1. Check Glu73, Glu40 and return the single one that is surrounded by fewer than 18 Cβ atoms within 10 Å (Cβ to Cβ) and either among the β-branched types (Val, Ile, Thr) or touching a Ser or Thr at 6+ places or on another chain (Cβ under 8 Å) (or both).
2. List the number of the failed condition for Thr313; all other conditions in (1) assigned to a loop (DSSP other than H, G, I, E, B); (2) among the hydroxyl-bearing types (Ser, Thr, Tyr); (3) modelled with pLDDT of 95 or more hold.
3. Take the residues in region 52-63 that are assigned to a loop (DSSP other than H, G, I, E, B) and either in contact with a Cys (Cβ under 7 Å, 6 or more places away or on another chain) or hydrophobic (A, V, I, L, M, F, W, C) (or both); name whichever of them is modelled with the lowest pLDDT.
4. Looking only at region 337-370, count how many residues are closer than 19 Å to Arg274 by Cα and at pLDDT below 90.
5. Just one of (1) farther than 21 Å from Thr7 by Cβ; (2) among the hydroxyl-bearing types (Ser, Thr, Tyr); (3) in contact with a Ser or Thr (Cβ under 9 Å, 6 or more places away or on another chain); (4) modelled with pLDDT under 85 trips up Thr425, so point out which.
6. Any idea how many residues of region 334-360 are touching a Pro at 6+ places or on another chain (Cβ under 7 Å) and over 14 Å from Ile311 (Cα atoms)?
7. Give just the number: which of (1) out of contact with any Leu (no Cβ under 7 Å at 6 or more places or on another chain); (2) of a type in the set (Val, Ile, Thr); (3) in a loop (DSSP other than H, G, I, E, B) does Thr66 not satisfy?
8. Given the condition modelled with pLDDT of 95 or more, under 18 Å from Val294 (Cβ atoms) and buried (at least 22 other Cβ atoms within 10 Å of the Cβ), answer yes or no: does some residue in region 164-172 qualify?
Amino acid sequence: MWSNDPTQNLLIAQGQRDSLVGQKICATADGGFYISWLDEVRGYSLFLQRLDVSGNLLLPIGAPSTDGILVYERALTSGPRDYSLTVDAAGNAVLSIDAGLALEGSVDAGGAAVACKVSPDGELMFGAAGITLSQKNELVQQVFCASTSDGGAVFGWSLADGSAVHMVKLDANGNALWGDGKLYLPPRPTVRLTDIQAADAGSAIYSFAYNLPRLGINAVSTGFFTSKLNSEGLNKWIQDPYSLFLQESESGISSGDAPKFVSDGQGGAVYCYRGNGDPRVADPTKHVCFVQRVDAAGLPQYEGNGAIVSIETPDSDRPCFGFDAATDRIYVLWLSGESSIRAQCIDRSGQRLWGDQGIALVATTPGASPIPVAITPIGENVMASWIQYPAPGSDVYQPIRVALLDGAGTYLWPSQTVDIKTSTTTTDADASAVLGAAGYEAFVWGDDDNRSVRAQNINQDGSLGVAPSRTR
């Protein structure tokens with residue numbers, strides 16, 4: 001059950017040593033959550049747990065434990081690629097992962113792209129081996145997935161050599177709907193899939209990156225693009241075959257800053273990323289955050305690199321964002337310089353509603369580098385969270401700190417912030433959060449130097465644990 005004590009958070013999984021990595025969380029329609037992770041000691045195998053609305057562990061059925069259930073077994077000895085977790089229309093967990101079988105002579109994890117599906121009661125609906133999606137002997141990069149509105153799921157990956165992106169769609173029973181899924185891309189040096197999100201009418205939007213040669217310069221830049229496939233796997237945006245999202249020239253965004261995006265609920269998507277070289281800021285060499293909207297036809301809302309989140313001088317880093325479809329507002333949270341967490345609200349026209357530099361939520365010792373976790377619209381308000389790291393060399397705990405703001409950026413809790421985690425164990429950068437169907441936010445992170453996975457909720461009134469309305 002959810003804890004009301006920030007020193008005793010809910011234990012999801014316990015590892016043998018610093019072995020639990022890659023934890024993720026997704027909300028279910030009944031108010032609960034799926035939480036997944038990889039276990040290094042067990043070959044970076046994939047595990048899953050389900051929580052009900054009160055935070056009770058449900059898997060395995062009849063004997064819930066901090067082991068959860070094994071979804072896909074691997075036997076890797078070195079770090080794996082990432083995987084994906086989503087929830088389909090029937091409440092099943094849908095996961096995508098690489099098989100972890102490197103080709104001969106390769107030290108990189110990869111191998112086949114695999115789809116897995118788990119029912120709420122823990123049944124492996126695609127079997128223990130999952131469904132293999134890729135061709136024989138292909139070495140793949142991270143496998144992404146998105147559950148679509150028609151009950152199916154879209155899976156995508158790029159090949160390790162950067163020669164192509166593959167996209168396939170399975171129906172609810174695991175039957176392939178789109179041929180071999182290969183997207184024959186224009187000739188470029190390398191291509192890399194960066195994300196997939198479900199859109200309207202069974203469609204999916206995806207983003208990808210090209211490494212592009214710079215004219216007259218012995219170097220490469222990265223161009224980021226986005227496109228949309230309908231339920232039949234056909235491109236539906238105006239620019240054929242892809243709709244240009246952002247392309248770097250002498251400046252722009254680096255390969256490590258792949259855009260994050262979500263569906264706008266109207267057939268388009270909202271994006272957030274960071275870049276440099278924009279003449280609208282005082283120092284174009286500094287990284288700043290941008291947002292962009294692309295409508296259902298593939299047309300961008302904002303000119304150039306997108307709407308600028310802040311024109312401040314310090315480098316902006318680690319942006320996370322949330323989109324409120326009811327108000328058409330985009331909220332962004334980022335690390336400013338090395339010590340400040342700032343937040344911004346962007347309206348439909350691209351105006352910065354919280355000032356040209358956003359608002360400062362925390363300022364700490366230079367070099368402490370607090371890490372943004374999430375910023376989530378909740379009704380007319382927004383919940384922001386970050387990891388409050390101490391000064392370099394200090395052994396003070398690293399809490400996860402949360403604030404609830406109104407539409408003007410004003411604190412709503414009397415204490416301004418609430419720490420949901422105050423134990424002396426460490427918290428890593430994989431902390432994430434999601435808004436549950438019951439109206440509270442749930443967090444997951446790797447704790448105790450990655451020996452455990454823990455979770456905590458926080459209610460809209462700033463309290464922890466099961467709200468009184470859910471205990472009646």
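The values are calculated or read from the model by the stated rules, or taken from the named source; none is laboratory data. Quick caveat, the model's predicted, so the values are computed rather than measured. Methodologically, a virtual Cβ is constructed for each residue, glycine included, from the backbone with ideal geometry; neighbour enumeration extends over all protein chains shown.
1. Just one listed residue meets the conditions, Glu73.
2. (3)
3. Initially, region 52-63 is screened for residues assigned to a loop (DSSP other than H, G, I, E, B), giving 52-56, 58-63.
Those left that are additionally either in contact with a Cys (Cβ under 7 Å, 6 or more places away or on another chain) or hydrophobic (A, V, I, L, M, F, W, C) (or both): 53, 58-59, 61, 63.
Values: Val53: 98, Leu58: 97, Leu59: 97, Ile61: 92, Ala63: 85.
Filtering region 52-63 for residues that are assigned to a loop (DSSP other than H, G, I, E, B) and either in contact with a Cys (Cβ under 7 Å, 6 or more places away or on another chain) or hydrophobic (A, V, I, L, M, F, W, C) (or both), the one modelled with the lowest pLDDT comes out as Ala63.
4. 6
5. For Thr425, the failing item is (1).
6. Restricting attention to region 334-360, the residues satisfying the condition of being touching a Pro at 6+ places or on another chain (Cβ under 7 Å) are 334-339, 341.
Then drop every residue that is not over 14 Å from Ile311 (Cα atoms), which leaves 338-339, 341.
Of the residues in that region, 3 qualify.
7. Of (1) out of contact with any Leu (no Cβ under 7 Å at 6 or more places or on another chain); (2) of a type in the set (Val, Ile, Thr); (3) in a loop (DSSP other than H, G, I, E, B), only one is false for Thr66: (1).
8. Within region 164-172, not a single residue is modelled with pLDDT of 95 or more, under 18 Å from Val294 (Cβ atoms) and buried (at least 22 other Cβ atoms within 10 Å of the Cβ).
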